[in-house]
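Just below is one structure, and these are the notes that go with it.
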Amino acid sequence: MASKTTLNAKNLEALGPERLAQLLIEVSTGNAAAKRKLRLALASAHSPKQAAREIAKRLTSIARARSFITWKNRKALLNDLETQRRAIVDQIGPGDAEEALGLMWRFMALATPVFDRCDDSSGTVIGIFHQACADLGQLAEAVGPKPDTLAEAVLDALQDNGYGQYDGLIGIMTPVLSDDGLAVLKTMVEDLGQKPIPVPPKDQWQAVGWGSNGTTYEHEMRERERVSTVSMALKDIADAQGDVDGFIAQYAPETRKVPAIAAEIARRLLVADRAADAMGFIERADVSEKRWIPSEWQRARLEALEALGRGDEAQAFRWTCFERDLAIEQLRAYLKRLPDFEDIEAEERAMTHAMAHPSLIAALQFFLDWPQLDKAAQLLVSRHDEIDGDHYEYLVPAAEGLSDRHPLAATLVLRAMVDFTLTKARSKRYGYAAEHLGTCGELSEEIEEFGAFETHEAYVARLRKDHDRKHGFWSRIGG
């Protein structure tokens, strides 16, 4: 049973309204975010219209702000945006869906001014706007069908999608737009495609800079954005209407040969029960044994082969994909389709192939993911001279995963990173290299036999001889 002093709603209720009000005033003093929440709660208690006015005022303030948002104050921005979004959905939406829809459009309009002054490398801010975009669909559905008005609002939004905040909007709005609204929107988008951005008068060109096509940079950029908006919108509309040929038409013939694009087209044709057409696009794609082949193209080809009843070819292709890229997904699918006992022999053959794969890093990652830690350790010991210490993003987790059962293999990985750091004088990595060397010392106590490799003491002695002037490194390990 919870203590009476535990901070929960039931215990706080026991304090009574007067004491709670006093505490809220104290807690919110000096806390602008808390004060805004309290004012919004008071407005909501008075009337939804009053709450809507409070939200509108806050949205205006956020839009007008000009200070740059650093990582230190990003959390405050996130909390503020999420508070407004939730208030629109939870406090305004149930009582006045139309008012809430209007506010959510205003909320989405914040994206451009916010991103203009915010670094969102973590993707947390755009996540809030993507959720708000989904909210638009729910609110529009609650308002009811207004195809012409909604189609116009969608088109306006897509023309202000510089940060991807409206990605997926057409799909979100499809249930509300219905067939009539999609037809209206398609006509609007096609009209936009026929209206190039006017070229500014020549007396303005010098002030804004020349573009590559004899106009201005600004005009050139806006024209490209228009063309891109039209193409993406027509693709999304085609998807919403189930019009595969309309989707394909948005790509130039040469672009359709790009493997990733060919895969997109093929997937849609497969859904439309046009497997032969799908295979045609797959086979015409520009793939080369000397270049990386996107996994989505491989999957689309396999789906097309299966749909055409060419299961043996699909199996052969799965093995080819595995041999080339050590693709675990394809190997598992290959083995799953083999008769009993044949899969055991095939798996052994796959392990042998992976052990000899030209890319040590690819082979190492394969054995770690399969998982076959014994094989990973064997690989590292037998091909230790191929370990590139610069690939720390792969080697660090490998060393961690192998350290318990295979301390020698883990040590070789750590030594490779230490050697690379010191040989290349990567001073920014000295701290990590010192930690790796310390871990090598700890692992040495677990290694019964170093075999052809140096003992830890001999390895450290060689490092001191070869890199004695790397004071920035040795100072970190007390040497």
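So how tilted is helix 407-423 from the main axis of the chain? Cα-based, degrees 0 to 90, rounded to 10.
70 degrees
Could I have the simple spin-label model distance between D148 and E225, label points 7 Å from Cα toward Cβ, reported in nm to one decimal?
2.9 nm
With just the Cα atoms defining each centre, how far is the stretch 401-479 from the stretch 339-383? Give it in Å.
Each part reduced to its Cα centre gives a spacing of 27 Å.
Please arrange L305, L338 by how many other C-beta atoms lie within 10 Å of their C-beta, fewest to most.
Working: L305 22, L338 14.
Final ranking by Cβ density, sparse to dense: L338, L305.
Between E254 and I197, what is the FRET efficiency for a Förster distance of 22 Å, r being their Cβ-Cβ separation, to the nearest 0.05? Intermediate values should be presented prior to the final figure.
Working: r = 25 Å, r/R0 = 1.15.
Rounded to the nearest 0.05, the efficiency is 0.30.
Please identify every one of the GluC sites (Glu not before Pro) in the stretch 417-446 that sits in a loop by DSSP and has no more than 15 other beta carbons within 10 Å of its own beta carbon.
Details: sites: E435, E442, E445, E446; in loops: E445, E446.
Filter output for the stretch 417-446: E445, E446.
Rank by packing, highest mean first: peptides 363-375, 56-68, 398-410, with packing defined as the count of other Cβ atoms within 10 Å averaged across residues. Numbers along the way, then the final one.
Values: 363-375: 18.8, 56-68: 12.5, 398-410: 20.3.
Answer by packing, highest mean first, reads 398-410, 363-375, 56-68.
Give, as a single signed number, the net charge of other residues whose beta carbon lies under 12 Å from the beta carbon of T439, with Lys and Arg counted +1 and Asp and Glu -1. Spell out each step's value before the answer.
Values: positive: R415; negative: E400, E435, E442, E445, E446.
Neighbourhood net charge equals -4.
Among 157-165, 115-123, how do they line up from the highest to the lowest mean number of other beta-carbon atoms within 10 Å? Could the numbers behind the result be given before it?
Details: 157-165: 17.2, 115-123: 12.9.
In descending order of packing, they fall as 157-165, 115-123.
Using a Förster distance of 51 angstrom, determine the FRET efficiency expected from the C-beta separation of R117 and A458, and round it to 0.05. Mind dumping the intermediate values first?
Numbers: r = 57 Å, r/R0 = 1.11.
Computed FRET efficiency for R117 and A458: 0.35.
For E435 and E448, compute 0.36 nm times the residue count separating them, minus their Cα-Cα distance, and round to one decimal in nm.
Numbers: separation 13, 0.36 × 13 = 4.68 nm, distance 2.22 nm.
Fully extending the segment from E435 to E448 adds 2.5 nm.
Run the simple label-point estimate for I361 and A63 please: 7 Å along Cα→C-beta, distance reported in nm.
Here the answer is 4.7 nm between the modelled labels.
What is the extension gain from E313 to V271, computed as 0.36 nm multiplied by their sequence separation minus the C-alpha to C-alpha distance, in nm to one decimal?
Values: separation 42, 0.36 × 42 = 15.12 nm, distance 2.08 nm.
Length difference between fully extended and current span is 13.0 nm.
For R284 paired with E345, estimate the spin-label separation in nm (one decimal), with each label point 7 Å from Cα along the Cα-to-Cβ line.
Label-label distance for R284 and E345, simple model: 4.2 nm.
Taking 8 Å as the Cα distance limit and 6 or more residues as the minimum spacing, I'd like the relative contact order of the stretch 255-294 as a percentage. Present the calculation step by step, with values, prior to reporting the outcome.
Values: 36 pairs, mean separation 19.1, N = 40.
Relative contact order of the stretch 255-294: 48 percent.
Per residue of the chain, what 222 nm ellipticity follows from adding -39500 (n - 2.57) for every DSSP H run with n ≥ 4, rounded to the nearest 500? Don't skip to the end; give the middle numbers.
Numbers: 26 runs with 323 residues, N = 479.
Taking each H run of at least 4 residues, the total per residue is -21000 deg cm²/dmol.
Since every read-out is calculated from the coordinates, none of them should be taken as a lab result. A quick note: this is a predicted structure, and the numbers were derived from the prediction, not measured. All Cβ positions, even for glycine, are placed from backbone atoms using ideal geometry, and neighbour counts span all protein chains on display.
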